[in-house]
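Just below is one structure, and these are the notes that go with it.
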Amino acid sequence: DPADLPGVATLRAELGTRIEFAVVRKPWATLRGLAGLGLGRPLTLGYFGSRDLKERVSRRLAEAPHDLVYVHSSAMAQYAGGGVAAPVVMDFVDVDSDKGAQYGERSHPPTAWVYRAEGRCLRRYEAEVARWARLCLVTTPAEEALLTSFAPWARTAVVPNGIDLDQYRPLEITPGEPAVMFTGAMDYLPNIDAVEYFHHEILPAVRREIPETRFYIVGLNPSPRVRR
């Protein structure tokens, strides 16, 4: 996103490393993704695809031998491909194709049709990537079982989400009220589902014990469901 661009200079200065990037221009990226979906390719590959970035990454890989190529999320696997000499660690994080299928179940046409088609196309692509990746990382045993159900050849490892509690510690302040905060992109369906579930199913039980508890939803682009 263009708002991320100032961070590139900071990373280059602080890490002293080479960074290649491409800007995602959302209207064109969406059209490119939909066009690819019409041809049977995952929408996310077209959305996050950049011919220029692929060429630059290929040049980097050809310049010198690499010990390891680490890929974060299936949408980025297109930049590594199946012909890289170095071993590729594919971090699926979660299995995105399943999210497409779930979105299709919870949406209305025509959006539901797009999500279902994306789920099918992305699942085929994830199975292909799992075939050539040296190791496939996921965050939970459930995701591991899901991935191996359609890609039994995948070599997998579970790496849970976590946080460095020595580095990131609470501020030494006394809170003014009992509060719970959820933070994330609030136009993202899993986050919308999470805050709705917490509000309806969990918060009432908390407030029976601590009536003054406040619930803060903090994040970009809150959907109408979140605002309600």
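The values are calculated or read from the model by the stated rules, or taken from the named source; none is laboratory data. Given the structure is predicted, the values throughout are model-derived calculations rather than measurements. Every residue, glycine as well, gets a Cβ built from its backbone with ideal geometry; the counts of neighbours run over all protein chains shown. Keep in mind that these areas ignore ligands, DNA and RNA; they rest on the heavy atoms of the full protein, side chains included. Shrake-Rupley method; radii C 1.70, N 1.55, O 1.52, S 1.80 Å.
When the chain is treated as a GNM with alpha-carbon contacts under 10 Å, the residue of Gly162, Gly176, Gly81 showing the greatest mean-square fluctuation is Gly176.
Using the Karplus relation 6.51 cos²θ - 1.76 cosθ + 1.60 with θ = phi - 60°, the per-residue 3J(HN,Hα) values for segment 139-144 come to 9, 9, x, 5, 5, 4 Hz, with x marking Gly and Pro.
Our coupling estimate for segment 33-39, obtained by passing each phi through the Karplus curve with A = 6.51, B = -1.76, C = 1.60 and θ = phi - 60°, is x, 5, 4, x, 4, x, 9 Hz, Gly and Pro reported as x.
For the chain, the longest principal axis of the alpha carbon atoms and the long axis of helix 51-63 meet at an angle near 70°.
Treating the beta-carbon of each Lys and Arg as +1 and of each Asp and Glu as -1, no other charges, what is the dipole magnitude of segment 15-138 about its Cα centre, to the nearest 20 debye?
Charge dipole of segment 15-138: 360 debye, to the nearest 20.
Computing Rg and the Kirkwood Rh from the Cα coordinates of segment 93-228 gives a ratio, Rg/Rh, of 1.06. Per-residue 3J(HN,Hα) values for segment 216-228, derived from phi via the Karplus relation 6.51 cos²θ - 1.76 cosθ + 1.60 with θ = phi - 60°, read 9, 9, 10, x, 6, 6, x, 6, x, 5, 5, 4, 4 Hz in sequence order (x marks Gly and Pro). Compute the long axis of helix 111-132 from its Cα atoms, compare it with the longest principal axis of the Cα atoms of the chain, and write down the angle in degrees, 0 to 90, nearest 10. Orientation of helix 111-132: about 50 degrees from the principal axis.
From the helices alone, meaning DSSP H stretches of at least four residues, give me the mean residue ellipticity at 222 nm for the chain, per-run term -39500 (n - 2.57), in deg cm²/dmol to the nearest 500.
It comes out at -13500 deg cm²/dmol, rounded to the nearest 500.
Roughly speaking, what % of Cα-Cα pairs in the chain are separated by over 28 Å, rounded to a whole number? The share of Cα pairs beyond 28 Å in the chain comes to 45 percent. Heavy atoms of the protein chains alone define the surface here; on that basis segment 108-153 has 55 Å² accessible area per residue at 1.4 Å probe size. For segment 159-228, the Stokes-Einstein estimate of translational diffusion at 10 °C and a viscosity of 1.306 mPa s comes to 113 µm²/s, using the Kirkwood hydrodynamic radius over alpha-carbon pairs.
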